[in-house]
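Each remark here refers to the structure printed beneath this line.
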């Protein structure tokens, strides 16, 4: 059974790589079915964003990117989402290999690779310290920004920026799912 899963994961990673390798969006893939939820794939844009080559990232839990400046509530929300193999949207402060910190708007979605298992595909978007998206830490806050009776233009701007990232991630995830379905 372990060999079957390994082969299935390998085929799925090949499909994901075919779709994401040359994209400008940083993509990482985690295997929630493996011990310690290791990264099993990162693309070239992820290497550029973080400074870590694939050989330095794959096999490790992505928490090595977190810093003391990362909001603890976001860490808990991300950890819970990964453990339950469910979607996550939020902003994290990550550390570049050189030690610099950067804000990452992270979108994580489970992608089924067979009837019994999935991989977690993450799209990482670097955002500046002054980015409006940093005002919205959760998807619920994005929705709330549009539904409030008295709209707050700053929150709506942030929600629009977050929605643009989400649309780019959704496009990549659709391609990934399509490629895996065809394999």
(request) Could I have the simple spin-label model distance between residue 100 and residue 131, label points 7 Å from Cα toward Cβ, reported in nm to one decimal? (result) 1.4 nm
(request) Give the shape of the stretch 1-84 as rounded, prolate or oblate, defined through the alpha-carbon gyration tensor: a ≥ b ≥ c are the square roots of its eigenvalues, a/c under 1.5 means rounded, and otherwise the shape is prolate if a/b is larger than b/c and oblate if not. (result) oblate
(request) Answer rounded, prolate or oblate for the stretch 1-45, using the Cα gyration tensor with square roots of eigenvalues a ≥ b ≥ c: rounded when a/c is under 1.5, else prolate when a/b is larger than b/c, else oblate. (result) oblate
(request) Return the tail of the calculated pair distribution for the stretch 59-102, meaning the percent of Cα-Cα pairs more than 17 Å apart. (result) 32 percent
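Read-outs: derived from the displayed coordinates by stated rules, not from any lab. The shown structure was predicted, so the numbers you read here are calculated from the model rather than taken from an experiment. All Cβ positions, glycine included, derive from the backbone under ideal geometry; neighbour counts span all protein chains shown.
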